[in-house]
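J.: The structure follows.
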Amino acid sequence: MPYLHADWPLKSKVHAFSTLRPHGYSEGIYAGLNLGYRVGDDSLLVTKNVGRLVTEMKLPYTPQWVHQVHSTNVIAASDVHSEMQADGVYTYSNGQICAVLTADCLPILIAHPQGLGIAALHGGWRSLQQGIIESSLKQLALPSKELYVWLGPAIGKDAYVVGADFRDLFLDQDKSLASAFYQDTDQQWHADLYGIAKIQLQRLGVTQIYGGQHCTYSDPQQFYSARYSMQHNQHTGGRMATLIWIDKEDRL
């Protein structure tokens, strides 16, 4: 099963990756490895996709997804169930999976290099604007300068056209975020989710930041993209998973 491995310099006992679209059981507008139960796909096919994920990626157990609502709520992995509304999951324990689902929003993985804590965040624009990164770091309560972060596949700045009011929401929060926006030749504003996250992380003292080079919208064969799907078939399509856990047998 193809996937994106987190390209950060952590030891092999930490497992961190994002799934890709190919090689799943879903069909039609969901064709591929759709892992989202809440997007209208056949639940039996989604369950088969999840089973393939567990088997081929050798997960310690079958993960459950929280009910993502574009919030700043970050919960313990031990509390995760399908009706729990949250957009981030963290744990201090080995063998516990932290996972989120995305299809243009920014998946953010956080890890301490000595295995003292990990987290996975669903970085939609609302969550980023309202401070989900800060909320997660407060939950982890670990020194920011010691943390490593990987930014998984999200919509790229060239594809992410937004309104001026969208930009203003972020600049009202932090003027330094202006560098994460630009206007094209048609005077349309574009937002850089990767850039926003990097600025916010650095402001919070995180310096070890990796990833951020993909665009889900620009490669619909490899990624699910809600915006691409809405523009081409009036539906949000499937979801990919970004997961992190630490082996029970050892520390980082």
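The values are calculated or read from the model by the stated rules, or taken from the named source; none is laboratory data. Everything quoted here is computed from the prediction, not taken from an experiment. FYI the Cβ positions are ideal-geometry reconstructions off the backbone, even for glycines, and counts take in every protein chain you see.
J.: For Leu201, state whether it is in contact with a helix residue (DSSP H, G or I) (Cβ under 8 Å, 6 or more places away or on another chain) and over 24 Å from Leu116 (Cα atoms). Break it down into steps so the answer makes sense when it comes.
T.: On the way: in contact with a helix residue (DSSP H, G or I) (Cβ under 8 Å, 6 or more places away or on another chain): yes; over 24 Å from Leu116 (Cα atoms): no.
Taking the combined requirement at face value, the residue does not satisfy it.
J.: Which ones in region 151-201 are in contact with a strand residue (DSSP E or B) (Cβ under 9 Å, 6 or more places away or on another chain) and β-branched (Val, Ile, Thr)?
T.: If the condition is that a residue be in contact with a strand residue (DSSP E or B) (Cβ under 9 Å, 6 or more places away or on another chain) and β-branched (Val, Ile, Thr), then Ile155, Val161, Val162, Ile196 are the ones that fit.
J.: Still on this structure, please answer the following. Could you check region 85-113 and list, in sequence order, the residues that are surrounded by fewer than 18 Cβ atoms within 10 Å (Cβ to Cβ) and touching a His at 6+ places or on another chain (Cβ under 6 Å)?
T.: Gln85
J.: Among the residues of region 53-78, write down those that are closer than 29 Å to Asn233 by Cβ and in contact with a Gly (Cβ under 7 Å, 6 or more places away or on another chain).
T.: Passing the criteria: only His70.
J.: Between a first residue in region 37-49 that is in a helix (DSSP H, G or I) and a second residue that is of a type in the set (D, E, K, R), which pairs have beta carbons less than 8 Å apart while being 6 or more apart in sequence or on different chains?
T.: From residues that are in a helix (DSSP H, G or I), the pairs are Leu45/Glu27.
J.: Could you list, in sequence order, the residues of region 75-101 that are assigned to a loop (DSSP other than H, G, I, E, B) and of a type in the set (A, V, I, L, M, F, W, C)?
T.: Step one: filter region 75-101 for residues assigned to a loop (DSSP other than H, G, I, E, B), giving 80-84, 86-87, 92-97.
Scanning region 75-101 gives Val80, Met84, Ala86, Ile97.
J.: Same structure again: Could you count how many residues in region 80-112 are aromatic (Phe, Trp, Tyr) and within 16 Å of the chain's Cα centre (by Cα)? Steps first, answer last, please.
T.: Of region 80-112, the ones aromatic (Phe, Trp, Tyr) are 90, 92.
Now drop any that are not within 16 Å of the chain's Cα centre (by Cα), which leaves 90.
Qualifying residue count, region 80-112: 1.
J.: Report every pair of residues separated by at least 6 positions or lying on different chains whose Cβ atoms are under 8 Å apart, first residue within region 98-110 and farther than 21 Å from Leu142 by Cβ, second surrounded by fewer than 24 Cβ atoms within 10 Å (Cβ to Cβ) and of a type in the set (D, E, K, R).
T.: Listed by first residue and then by second, the contacts come to Asp104/Arg227.
J.: Hey, another quick one. Determine, yes or no, whether Leu109 is closer than 20 Å to Ser78 by Cβ, out of contact with any helix residue (DSSP H, G or I) (no Cβ under 8 Å at 6 or more places or on another chain), at pLDDT 95 or above and part of a loop (DSSP other than H, G, I, E, B). Full working, then the answer.
T.: Values: closer than 20 Å to Ser78 by Cβ: yes; out of contact with any helix residue (DSSP H, G or I) (no Cβ under 8 Å at 6 or more places or on another chain): yes; at pLDDT 95 or above: yes; part of a loop (DSSP other than H, G, I, E, B): no.
Considered against the rule, which asks whether it is closer than 20 Å to Ser78 by Cβ, out of contact with any helix residue (DSSP H, G or I) (no Cβ under 8 Å at 6 or more places or on another chain), at pLDDT 95 or above and part of a loop (DSSP other than H, G, I, E, B), Leu109 comes out as no.
J.: Give region 50-63 a look and list any residue that's in contact (Cβ under 8 Å) with a residue 12 or more places away in the chain and part of a helix (DSSP H, G or I), or say none. Spell out the reasoning first.
T.: So in region 50-63, the residues in contact (Cβ under 8 Å) with a residue 12 or more places away in the chain come out as 50, 52-53, 56-57, 59-63.
Residues satisfying the conditions are Val50, Arg52, Leu53, Glu56.
J.: Also, quick follow-up: Would you pick out the residues in region 194-252 that are among the polar types (S, T, N, Q) and under 14 Å from the mean Cα position of the chain (by Cα)? Full working, then the answer.
T.: Quick first cut of region 194-252, residues among the polar types (S, T, N, Q) only: 200, 202, 207-208, 213, 216, 218, 221-222, 225, 229, 231, 233-234, 236, 242.
The answer is Gln213, Thr216, Ser225, Thr242.
J.: Name the residues in region 2-44 that are within 21 Å of Val66 (Cα to Cα) and of a type in the set (Phe, Trp, Tyr), would you?
T.: Those that are within 21 Å of Val66 (Cα to Cα) and of a type in the set (Phe, Trp, Tyr): Phe17, Tyr30, Tyr37.
J.: Quick one: in region 4-18, which of the residues that are over 14 Å from the mean Cα position of the chain (by Cα) and buried (at least 17 other Cβ atoms within 10 Å of the Cβ) is nearest to Gly117 (Cα to Cα)? First the steps, then the outcome.
T.: Looking only at region 4-18, we keep the residues that are over 14 Å from the mean Cα position of the chain (by Cα), and these are 7-15.
Filter once more, so that each one left must be buried (at least 17 other Cβ atoms within 10 Å of the Cβ): 8, 10, 14-15.
Values: Trp8: 16, Leu10: 13, Val14: 11, His15: 13 Å.
Residue satisfying both the conditions and the ranking: Val14.
J.: Under 6 Å between Cβ atoms, at least 6 apart or on separate chains: pull out the pairs that start in region 179-196 with a residue that is modelled with pLDDT under 95 and end on any residue that is of a type outside the set (Ser, Thr, Tyr).
T.: none
J.: Going by the conditions given, is Thr72 in a loop (DSSP other than H, G, I, E, B) and closer than 26 Å to Ser225 by Cβ? So that I can check it myself, show each step before the final result.
T.: Numbers: in a loop (DSSP other than H, G, I, E, B): yes; closer than 26 Å to Ser225 by Cβ: yes.
So Thr72 fits the description; yes.
J.: If you don't mind, there's one more thing I want to ask. Going by what's in this entry, would Ile118 be described as crowded, with 20+ Cβ neighbours inside 10 Å, farther than 18 Å from Ala154 by Cα and touching a residue at least 24 places away in the same chain (Cβ under 8 Å)?
T.: Numbers: crowded, with 20+ Cβ neighbours inside 10 Å: yes; farther than 18 Å from Ala154 by Cα: yes; touching a residue at least 24 places away in the same chain (Cβ under 8 Å): yes.
Yes.
J.: Please list, ordered by residue number, the strands (runs of 3 or more DSSP E) wholly in region 139-252 having 3 or more residues that are surrounded by 15 or more Cβ atoms within 10 Å (Cβ to Cβ). Walk me through it before giving the result.
T.: On the way: elements: 148-151, 181-183, 189-191, 208-211, 240-246.
Counting at least 3 such residues, we get 148-151, 189-191, 208-211, 240-246.
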